[in-house]
Amino acid sequence: MSLVLTQLLNGIQLGALLFLLSAGLTLVFGIMNFINLAHGSLFMMGAYFAASAFAATESFSAAMLAGIGGGALLGVIVERLIVAHMYERSHLHQVLVTFGMVLFFNELARILWGATSIHAGSPKAFSGSVEILGNPYPSYRLLIIALSLAVAAGLYFFIRHTRLGMLVRASASRSDIASAMGVNVVLLKRCLFAFGAALAGLAGVMAGPITSVQPGMGEPILIMTLVVIVTGGIGSIRGAFFGAMVIGIADTVGRVYIPMLLRATFERSVAQAIGPALASIMIYLLMACVLALRPQGLFPVKHG
């Protein structure tokens, strides 16, 4: 039971981190209809900004401010220089351009910070552990979960119960009509992209202390984020949240229990050979099953 509880909490924590990423990408991909493969690079740069600020100040608050603010500022620069010219282009052009941005940011990180991983500090107040049903669990991972829940609640309130959220939904549904009624759709898209980049930077800040801050760290988690968005429903914040939790728990629990089940059935050498491979494709099989039953995802967004 101790192992079950620990892995369940680890899955929820991974889901919380995936939600911080998928929420920002949902705004860009689902609402703006722009495929941004560089979202993982914004996550990586946010982690680097935070790690550099922590190394200079020894303050996690300064690191969080640097990661979120740096991510938002970088998002504004990228949107003005590159993304703004790609809104009317095809998705193929968007994929090619943002993939080029991935290569650029990876090389930039190697030039500025080197090819090896760097240390990202965690807040001293959350350096210990908390007893949960008699089992110790790192308090910093609980902080990630709590922060994700707060962001989810704030985004839901913003999208559903504010005038600006109404304008976002209107622009997502019919941007031409929203523009004709006086909504500055260009400025709205710019703000949404910067906000999505800020959320990616926040995810990078929170991931830094528990993962390696290094070039290329954004690509693996970007793939999982895309799985989350497709599973939950493209453009749906609620779908991003529940999709992140489902994928996070499935990935974490699968990587632990699938090899254990195989070792109980097959020879140890066979289990060690195929166990990790089966565990790594579990989330894609889960996504395929969801799409076979609900092609629009678990919680598709409703326009109109």
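Looking only at residues of the stretch 56-80 that are within 20 Å of the chain's Cα centre (by Cα) and of a type in the set (Val, Ile, Thr), we find that the one that is farthest from GLY218 (Cα to Cα) is VAL76. May I ask you to list the residues in the stretch 182-229 that are among the polar types (S, T, N, Q), more than 15 Å from MET32 (Cβ to Cβ) and surrounded by fewer than 24 Cβ atoms within 10 Å (Cβ to Cβ)? Listed by number, the residues that qualify are THR211, SER212, GLN214.
Set side by side, the residues LEU21, LEU37 differ, and just one is under 17 Å from the mean Cα position of the chain (by Cα), crowded, with 19+ Cβ neighbours inside 10 Å and assigned to a helix (DSSP H, G or I), which is LEU21.
Only one entry in MET245, MET282 is touching a Gly at 6+ places or on another chain (Cβ under 6 Å), surrounded by fewer than 23 Cβ atoms within 10 Å (Cβ to Cβ) and at pLDDT below 90, namely MET282.
Here is a check on your reading of the model: is GLU79 exposed (fewer than 15 other Cβ atoms within 10 Å of the Cβ) and either outside any loop (DSSP other than H, G, I, E, B) or of a type outside the set (Gly, Ala, Ser) (or both)?
no
Just one of (1) out of contact with any Ser or Thr (no Cβ under 9 Å at 6 or more places or on another chain); (2) in a helix (DSSP H, G or I); (3) in contact (Cβ under 8 Å) with a residue 40 or more places away in the chain fails for ALA200. It is (1).
In contact (Cβ under 8 Å) with a residue 40 or more places away in the chain, of a type outside the set (D, E, K, R), farther than 23 Å from GLY75 by Cβ and out of contact with any strand residue (DSSP E or B) (no Cβ under 6 Å at 6 or more places or on another chain): is that true of PHE195 in this structure? Against the criterion (in contact (Cβ under 8 Å) with a residue 40 or more places away in the chain, of a type outside the set (D, E, K, R), farther than 23 Å from GLY75 by Cβ and out of contact with any strand residue (DSSP E or B) (no Cβ under 6 Å at 6 or more places or on another chain)), PHE195 does not qualify.
The values are calculated or read from the model by the stated rules, or taken from the named source; none is laboratory data. Everything numeric here is computed off the predicted structure, so don't read it as measured data. Using ideal geometry, Cβ is built from the backbone for each residue, glycine included, and neighbour counts are taken over all protein chains shown.
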